[in-house]
Amino acid sequence: MSSEVSQSQMLNELKQGVIPTHVAIVMDGNGRWAQAQGKPRVFGHQKGVESVHQAVELAAELGVKVLTLYAFSEENWGRPKAEVSALMSLLETYVVKERQRLNEAKVQFRVIGNLEKIPEKTRKLVLETQKQLSENTGLILNIALSYGSRNEITFACKEIASKVEKGVLQVKDISPQTLSDHLWTKGLADPDLFIRTSGEQRISNFLLWQIAYTELYFSPVYWPEFRKEHFCEAVRSFQSRKRRFGLVSEN
Ligand code: IPE
Ligand code: IPE
Ligand code: MG
């Protein structure tokens, strides 16, 4: 069987089951992948772009509504300057090169994170792209950039506190939904499936509030080698889970 045939068969099989509405991915392992072949870490980041294409395409093919990709964490600012600037220019190249293709595929592009820290040129390109694709009705591609969940929650608390101070919100009316509504992900459903590549089994400050009841999937594959079939494997695993949300399952 050709790989194209087996891929479309795999897609059809998955489509018989429940498709996660929101998938969040920690794209990890670029540096180790590159180093394993004697190449600089940045080579791994460059190769990782192809995996982004594949993930976006598969998410759209499956009918996933939101794909959130962890591209750069708040903590990643502490990496060597050269690596940080290589990552920023990769991001610039990605948005400039892909804008049209994403638009044709009706993808809505969004960014979440502490964007003030992003160099001006990169920020401008990213925000321009977000604006240009904002009316699209297909897959929401949500890129977490300069993102840290604890920061996101702290910002939300400050905003809520300032509303209380101004008298536009009362303490008794603050609920978990209030907090959700003040996060950068406001308006998006919580992730159903969380994927982390590279074998690491940790969250690394990603969507802490939002993943309260998300199914977790850890793949041993390094991000530059993560292909549609690996993503399908994660969705297949998701489909085999019994989500109980603290309740008793009926039978
Ligand atoms: C993920 O790969 C990409 C970013 C964090 C920007 P890493 O750069 O973390 O690669 P490893 O985990 O060191 O292999
Ligand atoms: C998390 O990966 C951030 C991204 C993938 C963008 P890291 O490689 O930065 O996380 P740690 O350091 O292994 O926890
Ligand atoms: Mg890493």
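Remind me, relative contact order of the chain in percent, using alpha carbon pairs under 8 angstrom and six or more residues apart?
27 percent.
What Kirkwood hydrodynamic radius, in Å, does the chain give when the mean of 1/r is taken over all pairs of distinct Cα atoms and then inverted?
Evaluated over the chain, this radius sits at 19.3 Å.
Tell me the net charge near Leu11. Cut-off is 13 Å between Cβ atoms, Leu11 excluded, with +1 for each Lys or Arg and -1 for each Asp or Glu.
-3
Restricting to DSSP H runs of at least four residues, report the calculated mean residue ellipticity at 222 nm for the chain, -39500 (n - 2.57) per run over all residues, nearest 500 deg cm²/dmol.
Theoretical 222 nm ellipticity from helices: -15000 deg cm²/dmol.
Net charge near Ala60, counting Lys/Arg +1 and Asp/Glu -1 over other residues with Cβ under 14 Å of its Cβ? Display every interim value, and only then the final one.
Numbers: positive: Lys15, Lys65, Arg101, Lys106, Lys228; negative: Glu57, Glu61, Glu98, Glu104.
Spelling it out: positives minus negatives among the neighbours equals +1.
Connecting C-alpha atoms closer than 10 Å in a GNM of the chain, tell me which of Phe238, Phe109, Phe155 has the biggest fluctuation.
Highest fluctuation among the options: Phe155.
Would you mind counting up the charge near Leu125? Only other residues with Cβ under 15 Å from its Cβ, with Lys and Arg at +1 and Asp and Glu at -1.
Net of charged neighbours comes to +3.
Please state the shape class of the range 203-251: rounded when a/c is under 1.5, otherwise prolate if a/b exceeds b/c and oblate if not, all from the C-alpha gyration tensor.
Judged from the Cα gyration tensor, the range 203-251 comes out oblate (a/c at least 1.5, b/c at or above a/b).
Summarise the accessible area of the chain (1.4 Å probe, protein heavy atoms) by the percent that is carbon and sulfur.
Of the solvent-accessible surface of the chain, carbon and sulfur hold 51 percent.
R0 = 35 Å: FRET efficiency of Ser240 with Glu4, Cβ-based, nearest 0.05?
Computed FRET efficiency for Ser240 and Glu4 comes out at 0.85.
Can you list which of the GluC sites (Glu not before Pro) found in the range 165-247 are DSSP loop residues with at most 15 other C-beta atoms within 10 Å?
On the way: sites: Glu165, Glu200, Glu215, Glu225, Glu229, Glu233; in loops: Glu200.
For GluC sites (Glu not before Pro) across the range 165-247 that sit outside H, G, I, E and B with at most 15 neighbouring Cβ atoms in 10 Å, the list reads Glu200.
How many nm is it between the label spots at Ser180 and Glu135, if each spot is 7 Å from the Cα in line with the beta carbon?
Inter-label distance under the simple model: 3.0 nm.
Treat the range 1-105 as a sphere of radius equal to its Kirkwood radius over Cα pairs and apply Stokes-Einstein at 10 °C in a medium of 1.306 mPa s; give the translational diffusion coefficient in µm²/s, rounded to a whole number. Intermediate results must be reported in sequence, preceding the final value.
Details: Rh = 15.8 Å.
It diffuses with D of about 101 µm²/s by this estimate.
Using a 1.4 angstrom probe, figure out how much accessible area the chain has per residue, in square angstrom, rounded to the nearest whole. Kindly include the intermediate steps, with their values, before the conclusion.
Numbers: 13450 Å² over 251 residues.
Here the residues of the chain average 54 Å² of exposed surface.
Collect residues whose amide H, placed 1.01 Å from N in the peptide plane, falls under 5 Å from the amide H of Arg110; neighbours closer than 5 in sequence don't count.
Here the answer is Leu141, Asn142, Ile143, since their amide H atoms fall under 5 Å of that of Arg110.
Kindly identify the range 1-49 as rounded, prolate or oblate by the Cα gyration tensor criterion: order the square roots of the eigenvalues as a ≥ b ≥ c, call it rounded if a/c is under 1.5, otherwise compare a/b with b/c, prolate if a/b is larger, else oblate.
Since a/c reaches 1.5 but b/c is at least a/b, the shape of the range 1-49 is classed as oblate.
Using the Karplus equation 6.51 cos²θ - 1.76 cosθ + 1.60 (θ = phi - 60°), what ³J(HN,Hα) coupling, rounded to whole Hz, does each residue of the range 159-168 give in order, writing x for Gly and Pro?
5, 5, 4, 6, 5, 5, 4, 6, x, 8
How do Trp209, Trp77 stack up against each other in accessible area, from largest to smallest, with a 1.4 angstrom probe?
I get Trp209, Trp77, largest accessible area first.
Can you run phi through the Karplus equation (6.51, -1.76, 1.60; θ = phi - 60°) for the range 127-143 and list ³J(HN,Hα) in whole Hz, with x for Gly and Pro?
3J(HN,Hα) across the range 127-143, in whole Hz: 5, 4, 4, 4, 5, 4, 9, 5, 8, 5, 10, x, 3, 8, 9, 10, 9.
The values are calculated or read from the model by the stated rules, or taken from the named source; none is laboratory data. Keep in mind that what you see is a predicted model, and the values were worked out from it rather than measured. So basically every Cβ, Gly included, is an ideal-geometry build from the backbone, and we count neighbours across all protein chains shown. For the accessible areas, the whole protein counts, side chains as well, though only heavy atoms, and no ligand, DNA or RNA atoms are used. Shrake-Rupley method; radii C 1.70, N 1.55, O 1.52, S 1.80 Å.
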